Structure formats: C-alpha cells, structure tokens
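Worksheet: one structure, shown below.
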Amino acid sequence: MPKDEPFVFFDTDTLITGDIASVPFDFDRSSASLNVTGTWPEIELYGPGYTEIWHSIYDLLGVDFTASLDLSQPDEYWRRYSYFNAGFFYYKCPHAFGKRYLEFATTIRDTPPKAIECQTLYPWLDQIALPLVLQSFGGGRDALPQGYLDGKISTHYRYLALFFATAPDEKIEFLMSLVGDNKVKKILKDYEPFKKFIFQNAGKKARKLFDQTALPASERMIRKRLKNHKLWFR
C-alpha cells in the first residue's frame with residue numbers, strides 16, 4: 001500500500017452495503033470497530049482485575065492509559081477499557097500503522113507484563129494490541145460517528161449463520177440481490193457455507209429460528225441454537 005496515503009482495512013468477511021466515500025473519516029484520528037464483546041481478558045477470582053491488566057500493558061508500551069478510559073462506565077466493567085474488533089480500522093498511513101501494530105503485538109507476546117501471565121493471548125492478540133495502537137496515534141472509540149461502518153455502509157458478518165440469524169431484513173435482501181448472476185453463483189458455490197446458506201435455504205431455516213424483535217441476549221445462545229439445528233458451518 002502507498003506510504004502516507006489514507007487507508008481503510010476491512011476484514012474479508014464484510015459486506016459493503018453503501019457508499020464508502022460517504023463515511024466521514026478523520027484519518028488523523030484512527031479508530032476501529034466497536035462491534036465487540038468482552039472476550040479478553042478473562043478475569044480470575046483471585047487474579048488481577050481489568051484495571052491492573054490493561055494498565056500494565058499500557059505501561060509496557062508507553063501509552064497513556066488514563067486517556068483511554070470511558071469514565072461513564074463503572075470501574076472493573078469491561079466497557080470502561082478500550083477494546084475493539086479488528087473488522088475494520090483506518091489511519092492516514094498504512095506503513096506507520098502496520099509497523100506500530102506489529103511492534104506492539106510482538107512486544108506483548110514476547111515480554112508480557114506479570115499481570116497477564118495467566119491470560120491466553122491467542123486468538124486475541126490483535127484485539128489486545130489494537131486499542132493501544134489507536135490510542136498512540138491519538139485515536140480511539142469516539143473518532144468515527146456511529147451508524148456508518150457496522151451500520152448502513154458495512155456489515156462485518158463473520159459467519160453466514162449469524163448473518164442470516166440476526167441481520168436486518170434489508171441487509172439480507174441486499175446480499176441476495178448480488179448473487180443472481182451465474183458467474184457469481186459459480187464462484188460462491190465453491191465455498192460450502194455460501195452454498196448452503198445462500199443457495200440451499202440454510203439461511204432461511206436459520207432465520208426462522210429467531211424472533212427478530214427479541215433476539216437472544218448473547219451470541220453464545222444464538223450459536224447454540226444454530227448448532228442444535230445443525231445450521232453452524234464455518
């Protein structure tokens with residue numbers, strides 16, 4: 001990618017549903033997806049809490065920890081601490097961003113502070129390092145107005161089973177409008193989840209399992225129901 005030119009990274013399992021040029025990016029303030037749950041760290045009963053764990057990583061990398069906090073959230077609640085999904089992120093220079101991301105991730109991996117010695121780093125290392133990369137570049141959770149990415153412009157669906165089970169009707173209709181061409185069908189049918197969910201009605205079956213006005217409270221519950229009906233494909 002060209003040096004010193006703005007970039008936006010999207011995970012490959014992302015559906016673009018609108019005009020990317022309409023997104024009001026401020027490339028001087030990097031940000032990433034807030035479509036995330038508190039997957040890391042896992043707090044042990046007698047171990048360090050969120051504050052001690054995250055503070056130790058920020059200290060390790062020389063990044064301002066206090067400035068990263070959402071003080072509207074209670075102490076020791078995971079949303080108080082910057083945490084992102086790497087489904088998208090952006091900045092004004094891919095070279096600077098990539099270099100720092102690699103540096104931070106490998107430093108955490110190779111010289112972990114004592115507070116995270118009992119934590120599992122994989123597969124979470126990218127999400128552990130990402131908040132510190134954003135904060136070090138002056139970005140964070142409030143850098144991009146909500147409703148564009150992970151909203152009307154893009155959907156990070158991750159798994160087609162989850163997409164068909166929970167996505168708004170208009171998103172599913174948009175996807176189905178793209179797959180009618182025979183050349184597109186031929187390519188998509190080579191991937192088993194696409195074949196089953198889009199062309200063999202597994203998507204319709206998954207959607208019928210859920211009331212879209214009252215979805216289960218957690219993704220784990222949604223996955224369990226899909227698995228119970230043999231509708232979980234990766």
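Values quoted throughout were computed directly from the atomic coordinates according to the rules given, and no laboratory measurement underlies them. Bear in mind the structure is a predicted one, so any value in this text is a computation, not a measurement. Using ideal geometry, Cβ is built from the backbone for each residue, glycine included, and neighbour counts are taken over all protein chains shown.
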Next on the checklist: Ignoring everything except DSSP H segments at least 4 long, calculate the 222 nm mean residue ellipticity for the chain; use -39,500 (n - 2.57) per segment, divide by total residues, nearest 500.
Outcome noted: -10500 deg cm²/dmol
Checklist outcome for this item: With a 20 Å threshold on alpha-carbon distance, the violating pairs from Lys205/Lys227; Lys196/Lys227; Lys152/Lys185; Lys171/Lys224; Lys189/Lys224; Lys92/Lys171 are Lys152/Lys185; Lys171/Lys224; Lys189/Lys224; Lys92/Lys171
Item to check | Sorted peptide list for 83-89, 176-182, 143-149, criterion being average Cβ within 10 angstrom, highest first | outcome: 83-89, 143-149, 176-182
Next on the checklist: So if I place +1 on the C-beta of Lys and Arg and -1 on the C-beta of Asp and Glu, and nothing else carries charge, what would the dipole magnitude of the range 159-228 be about its Cα centre? I want it in debye, nearest 20.
Outcome noted: 400 debye
Item to check | Added length on full extension, which subtracts the Cα-Cα distance from 0.36 nm per residue, Tyr46 to Arg158 | outcome: 36.9 nm
Next on the checklist: Charges at C-beta only: +1 for Lys and Arg, -1 for Asp and Glu. How large is the resulting dipole of the range 24-78 about its Cα centre, in Debye rounded to 20?
Outcome noted: 160 debye
Next on the checklist: For a test of the definition: using alpha carbon positions, the gyration tensor, and the 1.5 limit on a/c, classify the range 88-215 as rounded, prolate or oblate.
Outcome noted: prolate
Next on the checklist: Can you tell me which of Asp150, Asp70, Asp190 moves the most in a GNM of the chain? Springs connect C-alpha atoms under 10 Å apart.
Outcome noted: Asp190
Item to check | Per-peptide average of other Cβ atoms within 10 Å, ordering 129-140, 97-108 highest first | outcome: 129-140, 97-108
Item to check | Descending semi-axes in Å of the range 7-136, equivalent ellipsoid built from Cα gyration tensor | outcome: 26, 16, 14
